[in-house]
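J.: Below is one structure. I have some questions about it.
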Amino acid sequence: MARCFSLTASRDRFYRYTYAQSGLRSISTDLGDGGTVMHCWVPKAHRPSKPTLLLLHGFGANAMWQWSDLLRPFASRCNLYIPDLLFFGDSYTSLPDRSEAFQARCVMRLLEARGVAGRLTLVGLSYGGFVGYSAAAQFPDRVERVVICSAGVCLEEKDLKEGLFPVADLDEAASILLPQTPEKLRMLVRLSFVKPARTMPSCFLRDFIDVMCTEYINEKRELLQAIIRDRKLSELPKITQPTLIIWGDQDQIFPLELAHRLKSHLGENAQLVVIRNAGHAANMEKAKEFYRHLKAFLIDSLPLPSSPLNQNKVE
């Protein structure tokens, strides 16, 4: 029987077109370790005069879906690198390490393989924040500035049992963060947004799950387990780079308490911005405000681009 039209696949193709039109190209790189291949959107032409900006996505769909709103304002000002983390999109490994430290090393090896030299700024969203924080800790000479968005890097495993989260154990968390049914995906959306869509037809949710959420499901569970199991704040290194922390005040995935923990952990080196009436998906729910804070931290201090085609100011 012929496959029905897929709205998710159609939107994925649209994102590919959008990224290409923004001056990026899709590449896959074998890291040469016997089993790791990473996919990344990279500039069609890397300009040494521009700063390098690395965007790291969270759980959910591939990187394209999570960063599309930031292409226009950043592509003209920065050399953008937007990888699919391992077991998302077209990135994978046969090696057994599932830690965010391994993910971070793979991302940095990817950049090295692409000839990206010099210092860079990174933005990590949710799970990408764990990876970005680890990259900043492991590669302080390469990572110049850091933005951590809704990423509970200061969580401890005991927080699950003590009731900080709406789930009590890893299995329950995985069933929501890696939804395999329309009901679980609805629950994830309701936990991620202060004002979720009122109508979420099961046919559309099932289509999204079939296209985006079924591949590498066991490996993604292992990634989730790796960031929580035996995690202790006392063992978290303190990164030294200037850091912006952005959080929704009603985040139910990683509650706001974790943002304050991170600010306290980093001290005066970090600034915390709390977006009101926003949940875990503050980058989508309050996109304009989210962008304004990123712009102030990442763009306002940069020189204007030389090309007259790039002089249109984005507000």
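J.: Report yes if some residue within the stretch 88-111 is of a type outside the set (Lys, Arg), closer than 27 Å to Ser10 by Cα and in a helix (DSSP H, G or I); otherwise report no.
T.: Within the stretch 88-111, not a single residue is of a type outside the set (Lys, Arg), closer than 27 Å to Ser10 by Cα and in a helix (DSSP H, G or I).
J.: Residues Thr36, Thr8: which one is in contact with a Cys (Cβ under 7 Å, 6 or more places away or on another chain), among the polar types (S, T, N, Q) and surrounded by 12 or more Cβ atoms within 10 Å (Cβ to Cβ)?
T.: Thr36
J.: Filter the stretch 217-261 for residues that are part of a helix (DSSP H, G or I) and either touching a Gly at 6+ places or on another chain (Cβ under 7 Å) or hydroxyl-bearing (Ser, Thr, Tyr) (or both); which is surrounded by the most Cβ atoms within 10 Å (Cβ to Cβ)?
T.: So in the stretch 217-261, the residues part of a helix (DSSP H, G or I) come out as 217-228, 233-235, 257-261.
Now restrict to residues that are either touching a Gly at 6+ places or on another chain (Cβ under 7 Å) or hydroxyl-bearing (Ser, Thr, Tyr) (or both): 234, 258.
On the way: Ser234: 5, Leu258: 24.
My answer is Leu258.
J.: Tell me, which helices (runs of 4 or more DSSP H) lie completely within the stretch 119-199 with 1 or more residues that are over 30 Å from Ile299 (Cβ atoms), touching a Pro at 6+ places or on another chain (Cβ under 6 Å) and hydrophobic (A, V, I, L, M, F, W, C)?
T.: 182-192
J.: Is it the case, given these coordinates, that Ser91 is small (Gly, Ala, Ser), over 17 Å from the mean Cα position of the chain (by Cα) and buried (at least 17 other Cβ atoms within 10 Å of the Cβ)?
T.: Spelling it out, it is not the case that Ser91 is small (Gly, Ala, Ser), over 17 Å from the mean Cα position of the chain (by Cα) and buried (at least 17 other Cβ atoms within 10 Å of the Cβ).
J.: Does Asn79 meet the test of being under 23 Å from Ala113 (Cα atoms), touching a Ser or Thr at 6+ places or on another chain (Cβ under 6 Å) and not hydrophobic (A, V, I, L, M, F, W, C)? Before the answer, list the steps.
T.: Working: under 23 Å from Ala113 (Cα atoms): yes; touching a Ser or Thr at 6+ places or on another chain (Cβ under 6 Å): yes; not hydrophobic (A, V, I, L, M, F, W, C): yes.
Spelling it out, Asn79 is indeed under 23 Å from Ala113 (Cα atoms), touching a Ser or Thr at 6+ places or on another chain (Cβ under 6 Å) and not hydrophobic (A, V, I, L, M, F, W, C).
J.: I would also like to ask the following. Applying the selection to the stretch 262-273, what residues are open to solvent by 50 Å² or more (accessible area, probe 1.4 Å) and either in contact (Cβ under 8 Å) with a residue 60 or more places away in the chain or under 20 Å from Arg142 (Cα atoms) (or both)?
T.: Correct list: Asn269 only.
J.: Please go through the stretch 137-170 and pick out each residue that is over 19 Å from the mean Cα position of the chain (by Cα), surrounded by fewer than 17 Cβ atoms within 10 Å (Cβ to Cβ) and not hydrophobic (A, V, I, L, M, F, W, C).
T.: Pro140, Asp141, Glu157, Lys158, Lys161, Glu162, Gly163, Pro166, Asp169
J.: Cβ-Cβ distance below 9 Å, separation of 6 or more or different chains: which pairs start in the stretch 242-257 with a residue that is under 28 Å from Asp141 (Cβ atoms) and at pLDDT 95 or above and end on one that is of a type in the set (Asp, Glu) and open to solvent by 10 Å² or more (accessible area, probe 1.4 Å)?
T.: Going by the 9 Å Cβ cut-off, the qualifying pairs are Pro242/Glu144.
J.: I'm trying to understand the selection: among the residues of the stretch 115-126, which are surrounded by 16 or more Cβ atoms within 10 Å (Cβ to Cβ) and on the phi < 0 side of the Ramachandran plot?
T.: Val116, Leu120, Thr121, Leu122, Val123, Gly124, Leu125
J.: Residues Pro48, Pro43: which one is at pLDDT below 95 and either under 21 Å from Tyr133 (Cα atoms) or not aromatic (Phe, Trp, Tyr) (or both)?
T.: Pro48 is the lone residue from the list that is at pLDDT below 95 and either under 21 Å from Tyr133 (Cα atoms) or not aromatic (Phe, Trp, Tyr) (or both).
J.: Here are the criteria: (1) buried (at least 21 other Cβ atoms within 10 Å of the Cβ); (2) under 27 Å from Tyr216 (Cα atoms); (3) in contact (Cβ under 8 Å) with a residue 40 or more places away in the chain; (4) touching a helix residue (DSSP H, G or I) at 6+ places or on another chain (Cβ under 7 Å). Tell me which single one Cys106 does not satisfy.
T.: Of (1) buried (at least 21 other Cβ atoms within 10 Å of the Cβ); (2) under 27 Å from Tyr216 (Cα atoms); (3) in contact (Cβ under 8 Å) with a residue 40 or more places away in the chain; (4) touching a helix residue (DSSP H, G or I) at 6+ places or on another chain (Cβ under 7 Å), only one is false for Cys106: (4).
J.: Please report, ordered by residue number, the helices (runs of 4 or more DSSP H) entirely within the stretch 2-80 with at least 1 residues that are within 16 Å of the chain's Cα centre (by Cα).
T.: In the stretch 2-80, 63-67, 71-75 are the helices (runs of 4 or more DSSP H) which contain 1 or more residues that are within 16 Å of the chain's Cα centre (by Cα).
The values are calculated or read from the model by the stated rules, or taken from the named source; none is laboratory data. Not measured: the values here are computed from a predicted model. Cβ atoms come from the backbone with ideal geometry, glycine included; neighbour counts cover every protein chain shown. Each accessible area value is taken on the protein alone, full model and side chains, heavy atoms only, with ligands, DNA and RNA left out. Shrake-Rupley method; radii C 1.70, N 1.55, O 1.52, S 1.80 Å.
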